[in-house]
Amino acid sequence: MSWFPQRAFADHFITESNQIIAVRSILKPGITYHINYGGRGGGKTYQWADALVVEATLGKVRILVTRELQNSIDESIKNEIEDCIKARGLESFFKITENKIVGLNGSEFIFKGIKNNIKSIKSISNVDIVLCEEAENISKKSWDILLPSIRPKNRPHPAIIVLFNPDNELDDTYQRFIVYTPDGAIVKKVNWRDNKYFPDHLNEQRLHALKTLPKSEYDNIWEGVPKGTGDDAIIQLDWIKVARFTSNDPRWKKTGRRIVGYDPAGQGRDYNCAVHRDGNIFTHVDEWLKSPDLREASKRAFLLAKQGQAFIYDECGGYGDGVDIFVKDAKKELLKEYKAEKMTHEEQVLKKLKIQGFNAGNSVYRPDAKIPGTKKTNGEMYTNLKAQTWARFSQQVYNTYRFIELNEDDIDPKDMISFDIDDNDTFNKMAKELSTPIWMKSLTNSKKKVEDKDHMEKRTGQPSPNIAEAMVMTSTPKLPASIGSML
């Protein structure tokens, strides 16, 4: 038997006939992860569909073909696999039903989405090969469930094939397999020029895109370059990446007091979040699942304030005026607990803690004050306090970028931010949340406003940015003097 993959894919396979017959497989032994990523037209899906059809004839294997969401079998690549079967004249070897493809030797193709089949994915057994299509959409949660659930029966180790066109470089799939490539992986970037069967009609589309699209958009679609952030993003991803651990720079001067930002889970939102900011350095992020008792959630947020001087919370949070009551009740309960347990230091810190609500819809602070570097006032530029605060936070992150990348040493330390967040997953989630919202114009007065959460989720799939909201509110300019003077 012979097997001739396209050159771009050759490293994944055995191509010598004698070796294929000896091991009854075309997949290179000892490789767990086969990663192919790139732009449109690279032929990734068809190459692997064809390869797995051949693999299924060589010995009994159970193959799971999966993606993040699959509402019907029509959304899978079952049709492509059927085309490969017909192209190889193997219709008599495979029995094709509505939801499965089964070979005469017992090989089987199963088609399931991950997100809508969590329980069945967890319990699925004896899967030898997994083909993950459109893997850029597979979430961290789904990967964390899928990968440990794969238990091969007919192979010494599983073969996991990951095919995707990169979207955002902070997406879990890109981070998991490209930035932090696991052991036992072959990674190949495959683009249109690597596909000798690249059709003329697609090339016409590509050439049109090359002429008409912004370079970054063309590069993402056709060259497989992950997106950064667009020019209309409030905070650029590059600024955030540069601002990580900036406090390690010998020129850095720590300044300001300790403050906690708390964004409670509201209606339809899954997570609470509290962040700790030690002056101009973010040191901790605590995000946890929404609970029915907002008092308990608020008590947990207060735990980050053990060494703090100020506590800022979203006083709306989807509960109207209720958050204020829950926060005050949580403080009273904690004070009682500290007193009963004779935790004198914690009790004194909490008593002195300055607490202030943040209402994003409030009017701007000092509306008649000129914005540095512009001719406009705060009131002329921003729709509300939320827009003003995001702009202030964005400027602080950009100042840090200028300090590091452009060596501008004359920037006031209080006007910069360092993200000292150790955990990569947390940092990446934070960075994506901060770099996703865009500026929009108010329909009533054309002033700047922050994209609302529903619009952002429809545009990008990014859910409510709990970490970002908790961080940004710590930069609000509208604080009582007793707190504002500390920042």
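The values are calculated or read from the model by the stated rules, or taken from the named source; none is laboratory data. As the structure is a prediction and not an experimental result, all values here were calculated from the model. No Cβ is skipped: glycine too gets one built from the backbone with ideal geometry, and neighbour counts run over all protein chains shown. Calculation scope for accessible area: heavy atoms of the full protein, side chains included, ligands and nucleic acids excluded. Shrake-Rupley method; radii C 1.70, N 1.55, O 1.52, S 1.80 Å.
Taking H as built 1.01 Å from N, whose amide H comes closer than 5 Å to the amide H of residue 162, not counting residues under 5 places away?
Close amide H contacts, sequence-distant or interchain: 34, 35, 36, 132.
Based only on the alpha carbon positions, what is the Kirkwood hydrodynamic radius of the range 12-141, in angstrom?
Kirkwood radius, the range 12-141: 15.5 Å.
Run lengths n ≥ 4 of DSSP H only: what is the helix-derived mean residue ellipticity at 222 nm for the chain, with -39500 (n - 2.57) per run over all residues, to the nearest 500?
-10000 deg cm²/dmol
Report the dimensions of the range 106-203 along its three principal axes from the alpha-carbon atoms, largest first, rounded to Å.
Largest to smallest, the principal-axis extents are 43, 35, 28 Å.
Please compute the volume of the convex hull spanned by the alpha-carbon atoms of the chain and report it per residue in Å³.
Output value, Cα hull per residue: 191 Å³.
Enumerate the calculated ³J(HN,Hα) couplings along the range 86-94 in order (Karplus 6.51 cos²θ - 1.76 cosθ + 1.60, θ = phi - 60°), each rounded to whole Hz, writing x wherever the residue is Gly or Pro.
Running phi through 6.51 cos²θ - 1.76 cosθ + 1.60 with θ = phi - 60° gives 5, 4, 9, x, 9, 4, 6, 7, 10 Hz.
Would you mind telling me the share, in percent, of accessible area of the range 1-121 contributed by carbon and sulfur at probe 1.4 angstrom?
47 percent
In whole Hz, what ³J(HN,Hα) sequence does the range 168-180 give by Karplus (6.51, -1.76, 1.60; θ = phi - 60°), x for Gly and Pro?
My calculation for the range 168-180 gives 9, 5, 8, 4, 4, 4, 5, 5, 5, 10, 9, 6, 10 Hz in order.
Roughly what percent of Cα-Cα pairs across the range 1-68 reach past 19 Å? Numbers along the way, then the final one.
On the way: 724 of 2278 pairs.
Looking at the range 1-68, the distances longer than 19 Å represent 32 percent of pairs.
How about residue 336: which lysines have a C-alpha closer than 29 Å to its C-alpha, ignoring those fewer than 8 places off in the same chain?
Excluding near neighbours in sequence, the set is 290, 299, 306, 328, 351, 352, 354.
Helix 200-212 against the longest principal axis of the chain: what's the angle in degrees, Cα atoms only, rounded to the nearest 10?
20 degrees
Per-residue accessible area for residue 74 at 1.4 Å probe radius, Å² rounded to 10?
120 Å²
Please list, in chain and number order, the residues 5+ apart from residue 354 or on another chain whose amide H is under 5 Å from its amide H, with Hs placed from the backbone.
310, 311
What relative contact order, as a whole-number percentage, does the chain give when Cα pairs under 8 Å and 6 or more residues apart are counted? Don't jump to the answer; show the numbers that get you there.
Values: 886 pairs, mean separation 69.6, N = 487.
14 percent.
Between residue 4 and residue 60, what's the calculated FRET efficiency when r is the beta-carbon distance and R0 is 25 Å? Round to 0.05. Present the calculation step by step, with values, prior to reporting the outcome.
Values: r = 24 Å, r/R0 = 0.96.
Computed FRET efficiency for residue 4 and residue 60 comes out at 0.55.
Working from the alpha-carbon coordinates of the range 343-403, get Rg over Rh, Rh being the Kirkwood radius.
Computed over Cα atoms, the ratio is 1.19.
For the range 350-487, with every protein chain kept in place, what is the accessible area per residue (1.4 Å probe, Å²)?
49 Å²
Normalise the Debye intensity by I(0) for the range 234-374, one equal point scatterer per Cα, no solvent, then take log10 at q = 0.13, 0.17 Å⁻¹ and round to two decimals.
Debye intensities relative to I(0), on a log10 scale: -0.69, -1.06.
Leaving out ligands, DNA and RNA, what percent of the accessible area of the range 166-269 is carbon and sulfur, probe 1.4 Å?
Details: 2630 of 5540 Å².
Solvent-exposed carbon and sulfur of the range 166-269 make up 48 percent of the total.
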